[in-house]
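The values are calculated or read from the model by the stated rules, or taken from the named source; none is laboratory data. Given the structure is predicted, the values throughout are model-derived calculations rather than measurements. A quick note on method: Cβ atoms are made from the backbone with ideal geometry, for glycine too, and the neighbour counts reach across all protein chains shown.
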Amino acid sequence: MKRLIWQLPALALVAVLNVVNAADEYVADRLNLFTENYGSYNYSIDGREYEHDGENIGGSSTEFIKKLMDHAGIPYKMKLRSWRVSYERALTRPDYGVFSTGRTELREDLFEWVGPIARYNWIVMVKKDSPLQINSLEDIRGLKVGGYRNDAVTEYVQNAGIEVSDLPNESANPHLLQDGLIDVWVTSDVSAWSVAEATGYTEIEVGYVFKTVDMYLAMNKDTRPEWLDQLYASYDALVEAGELELPTYE
C-alpha cells in the first residue's frame, strides 16, 4: 500500500503530461502557434503555466500576433506552454511557430522570421549593493553565472565561452542570486522583474546592459510557403497602418 501511495503523484504527473502532449498533436490546415509566460509580452491571463486557447493568453506581442493572423486570414491555434516545449515544437514541426523569439545569429538559419514584433535588452543582474563592477561580459567570466535553458540570452553568453548554469526555467534564479548561490544572472529586462516579483526575491538590480535584440514570430522552416507569404504581407500592412510600435533604446 505504501508503495502505491508513493506512486500516485508520479502517475498523476504522467497523466497531466499525456493530456498536454495529446492537446499539442499536429492538426492539418492550420498554423499552430506557441508562446510562454514572458513579462508583459505574452502571458496567461489567469496566471496559469499552460493555456490551450488564445482567448486566455494576453500581452502586447500576443495581441499583435492575433491581429496578424486575423489580417492574414490563416486558420490557427494558439497555446501557452513552457519555453522548452514551445521552442521544441516550432523547431521540429511543420506549420508550427513560437513567439516572442529573440532573433540571433545562432538561431538565424533555424526558422523563418516574421517581424520584428517586440524589442528587449539583455542584462546582467546582480545582488543589490553588490561590489561587482561589470563593464563587459568579460567581467563575468569565472563567476557563478545563472541562466535559462534554450534562452537566447544564455545561448549568447555560453557561445562567448562563459560557463552558465542553465536551469529549465528562470524562477529559481532571483532566489539563487539574492542568497549568494550565484554571482550574477543573465536574463532580459522583460522577464527579470516579473520573475523576481513573482518569487518574492527583489533585492537585486541591473549590473550591466550588454545587447538590444529584436523579437519575432519564429516559424518552422517547413511552414507552407503561401502561408509565410501571407504573414509577411500582413505584417507589412499592419506596420504601415501604425498597429505596431517598437520601443527605442538609446
Consider Glu112 against the criteria (1) more than 22 Å from Tyr156 (Cα to Cα); (2) in contact (Cβ under 8 Å) with a residue 12 or more places away in the chain; (3) of a type in the set (D, E, K, R): it satisfies all of them except one. Which criterion is unmet? (1)
Please go through segment 196-220 and pick out each residue that is in contact with a helix residue (DSSP H, G or I) (Cβ under 7 Å, 6 or more places away or on another chain), among the small types (Gly, Ala, Ser) and not in a strand (DSSP E or B). Ala196
Total residues in segment 110-150, condition charged (D, E, K, R), in a loop (DSSP other than H, G, I, E, B) and in contact with a helix residue (DSSP H, G or I) (Cβ under 7 Å, 6 or more places away or on another chain): 1
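Residue-by-condition table, conditions (1) out of contact with any strand residue (DSSP E or B) (no Cβ under 9 Å at 6 or more places or on another chain); (2) of a type outside the set (Asp, Glu):
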residue: Ala160; (1), (2): yes, yes
residue: Leu167; (1), (2): no, yes
residue: Ala172; (1), (2): no, yes
residue: Leu177; (1), (2): no, yes
residue: Ser191; (1), (2): no, yes
residue: Ser194; (1), (2): no, yes
residue: Ala198; (1), (2): yes, yes
residue: Glu205; (1), (2): no, no
residue: Phe210; (1), (2): no, yes
Given (1) closer than 23 Å to Val213 by Cβ; (2) crowded, with 17+ Cβ neighbours inside 10 Å, where does Glu88 come up short, assuming only one miss? (2)
Condition set among the basic types (Lys, Arg) and not in a strand (DSSP E or B), scope segment 65-83, selection farthest from Pro168 (Cα to Cα): answer is Lys67
Among residues of segment 105-121, those that are under 12 Å from Asp151 (Cα atoms) and at pLDDT 95 or above, counted: 1
